[in-house]
Amino acid sequence: MVAAAIRVEATTAPTAGSALHVQDVSHQFKLHGEPLAVLERVNLQVAAGEFVAVLGPSGCGKSTLLRLVAGLEPPSAGRLFIDGELIAGPHPSRVVVFQDPTLYPWRTVWRNVALGPEAQGNLQAKRGRVAEALKLVGLTGFENAYPHQLSGGMAQRVALARALVNDPQLLILDEPLGKLDSLTRIAMQSELVSLWQNAGFTVLLVTHDVEEALFLAQRVIVFSDRPARLKTEIVNALPYPRHRGDPRLAELRHAVLAQLGLDATW
Amino acid sequence: MSTVANEVPVTSRAKIGASQGFARPSITIVVASAAWLAVAAVVRFWPDTPDSDWAHTGDLAIILAAFGGALAVAGLLSSAFVPVMQRVRRIAPWLIVLAVFIGVWEIVTAKLALLPLPFFPPPQAVLEVFIDDWSKLGASTLASLRLLAGGYLIGAAIGFTAGVVIGWSPAFGYWIHPILRFIGPLPATAWLPLAFFIFPSSLSASTFLIALATGFPVTVLTWSGVASVSTAYYDVARTLGASKAFLVFKVAIPAAMPHVFVGLFMGLGNSFAVLVVAEMLGVKSGLGWYLQWAQGWAAYANMYAALLVMALACSGLITLLFRFRDHLLAWQRGLVRW
């Protein structure tokens with residue numbers, strides 16, 4: 001059933017995505033009363049339907065940027081726009097998949113996936129979408145399981161289905177595969193690509209895995225150490241489906257690692 | 001019984017018994033049955049001390065023998081009903097201990113009079129209470145349950161609401177928290193003289209005290225449950241378009257339920273204590289009052305009977321609470337079974 005999702009051919013993607021514009025955004029936290037700058041004058045444009053990965057050392061503020069894009073927090077300075085409109089708060093068209101699945105343990109898989117429609121008050125109309133989303137992530141038959149009965153990969157798939165059910169225009173992925181074993185991870189990377197190609201939404205992915213960023217994204221933004229500044233960006237024009245062994249990917253990887261000062265071993 | 005069946009392990013033997021309609025009777029059940037029958041024989045054939053006039057010695061023997069007989073039937077015939085048999089077999093060691101206890105109790109009281117009367121009546125005297133005084137005992141039990149239910153439900157509802165409000169809203173927390181800290185730790189019984197003076201009836205006063213005793217732990221545990229809900233849960237719901245009400249009712253409260261049940265459990269224990277004290281000191285009905293009354297008449301057999309009923313009722317209520325929790329929190333792993 002997972003294989004079926006991967007096999008879907010890369011047709012021309014319908015443009016259901018949103019364009020994101022991050023304008024001069026800085027952000028800081030209060031840590032023990034001291035301000036701690038995590039983002040510094042970040043500028044970023046993501047076109048509708050684009051797949052962009054943000055890469056940086058861990059703890060550099062990548063996830064903070066996602067929280068700002070999701071509207072979970074307002075930035076300390078600067079503005080964020082979605083399709084030209086100022087982001088003022090969370091909206092189900094911009095859904096986040098977090099590093100931890102954060103499923104509600106008291107809800108079954110089905111009711112976890114149905115969370116968005118239920119919160120928006122249109123569950124009755126969207127019951128079919130819940131089943132579709134579960135099918136898309138290969139979890140048909142697990143509707144009545146509780147989260148503690150699932151493996152890490154299955155739980156993350158449920159989290160993905162919970163996001164997809166809302167027909168997002170911008171899918172925000174915060175290292176969603178970071179805690180999975182490498183086999184599950186490889187499988188889910190391919191699934192993400194085919195989901196993106198079919199649905200046509202914009203994807204903003206945060207990761208600290210160079211290969212993952214290059215394998216998935218059309219453009220890789222490299223962040224500096226905290227406070228995160230935009231260091232460079234690498235365009236990856238390779239067509240999909242991509243092959244992990246592609247020598248051109250290896251070249252790009254070398255370029256990215258050089259940017260991070262880690263190219264000595266490559 | 002075939003030798004083959006004897007070599008099969010216990011569990012599979014029970015299964016074979018279920019499918020073929022026979023199995024070797026459980027030894028522990030047989031021993032338990034024999035123990036009850038033996039105690040029945042002791043009660044029946046060993047004469048009571050000459051100067052005693054226990055009216056129900058024969059009845060006690062009949063009840064003990066009937067129970068022993070039922071056990072024998074369970075042991076011999078219930079192999080067709082494997083679940084029943086397994087259940088009986090599980091409690092059989094306890095049934096043996098219980099039989100020994102009743103036997104020793106009978107011997108040191110009714111048969112040898114080693115323990116002083118009226119403080120230590122024999123089992124048949126307690127049985128006599130159940131036979132002769134069941135209506136008063138039953139009415140007292142009902143009165144206690146009614147009073148407890150009223151106070152407990154009010155206290156639990158207010159405590160739960162207060163806990164959610166404090167856990168959710170810092171503004172409410174600012175006003176409720178100091179009151180809770182100041183008044184909460186005070187034992188509810190300390191309010192007793194004041195409550196009986198302020199409230200129009202002893203019933204409403206006791207209801208208030210029971211609600212108070214229940215409310216404190218429920219409030220604190222609900223509060224800590226709501227406060228300890230992971231912010232990631234809220235983030236998820238917020239990005240999915242959840243309203244504030246959704247965050248409270250569909251995220252905070254379900255996530256806090258395991259804590260809430262700890263509070264409900266503690267509150268129930270507290271409420272029992274307050275109930276009995278309130279009934280002993282003010283309310284003119286209920287099991288607490290019955291205990292007090294029995295002590296006044298030196299009717300110690302009645303006291304033991306009331307204590308027995310009380311233990312059964314309290315334990316039953318706790319069981320009920322745990323069943324309710326198991327039903328509601330079926331999603332939780334590693335629940336403590338009661």
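Descriptive notes on the structure:
- Residue match in segment B:272-293 (condition: more than 30 Å from A:Thr64 (Cα to Cα), under 15 Å from the mean Cα position of the chain (by Cα), open to solvent by 20 Å² or more (accessible area, probe 1.4 Å) and among the aromatic types (Phe, Trp, Tyr)): yes
- Test: residue in segment A:94-116 that is under 22 Å from A:Ala217 (Cβ atoms), more than 11 Å from every other protein chain (Cβ to nearest Cβ) and either surrounded by fewer than 24 Cβ atoms within 10 Å (Cβ to Cβ) or not β-branched (Val, Ile, Thr) (or both): no
Residue by residue, here is whether (1) in a helix (DSSP H, G or I); (2) among the aromatic types (Phe, Trp, Tyr); (3) modelled with pLDDT of 95 or more holds:
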{"position": "B:Lys136", "(1), (2), (3)": "yes, no, no"}
{"position": "B:Ala143", "(1), (2), (3)": "yes, no, no"}
{"position": "B:Tyr152", "(1), (2), (3)": "yes, yes, yes"}
{"position": "B:Gly155", "(1), (2), (3)": "yes, no, yes"}
{"position": "B:Ile158", "(1), (2), (3)": "yes, no, yes"}
{"position": "B:Val165", "(1), (2), (3)": "yes, no, no"}
{"position": "B:Ala171", "(1), (2), (3)": "yes, no, no"}
{"position": "B:Tyr174", "(1), (2), (3)": "yes, yes, no"}
{"position": "B:His177", "(1), (2), (3)": "yes, no, no"}
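- Candidates are the residues of segment A:73-84 that are at pLDDT 90 or above and surrounded by fewer than 20 Cβ atoms within 10 Å (Cβ to Cβ); the one that is farthest from the other protein chains (Cβ to nearest Cβ) is A:Ala77.
- Among the residues of segment B:91-129, those identified as assigned to a loop (DSSP other than H, G, I, E, B) and open to solvent by less than 30 Å² (accessible area, probe 1.4 Å) are B:Pro121, B:Pro122.
- Qualifying residues in segment B:230-264 (those that are more than 19 Å from A:Trp106 (Cβ to Cβ) and assigned to a helix (DSSP H, G or I)) - the one nearest to the other protein chains (Cβ to nearest Cβ): B:Thr239
- Members of segment A:207-245 that are in contact (Cβ under 8 Å) with a residue 60 or more places away in the chain and among the small types (Gly, Ala, Ser): A:Ala213, A:Ala217, A:Ser224, A:Ala228
- Among the residues of segment B:192-219, just one is β-branched (Val, Ile, Thr) and open to solvent by 50 Å² or more (accessible area, probe 1.4 Å), namely B:Ile198.
- For segment B:299-334, filtered to residues that are open to solvent by 50 Å² or more (accessible area, probe 1.4 Å), in contact (Cβ under 8 Å) with a residue 60 or more places away in the chain and closer than 22 Å to A:Pro147 by Cα, the residue that is farthest from the other protein chains (Cβ to nearest Cβ) is B:Leu328.
The values are calculated or read from the model by the stated rules, or taken from the named source; none is laboratory data. All values derive from a computational prediction rather than experimental measurement. In this analysis, Cβ positions are derived from the backbone assuming ideal geometry, glycine residues included, and neighbour counts consider all displayed protein chains. When the accessible area is computed, the model is the full protein with side chains, heavy atoms only, and any ligands, DNA or RNA have been set aside. Shrake-Rupley method; radii C 1.70, N 1.55, O 1.52, S 1.80 Å.
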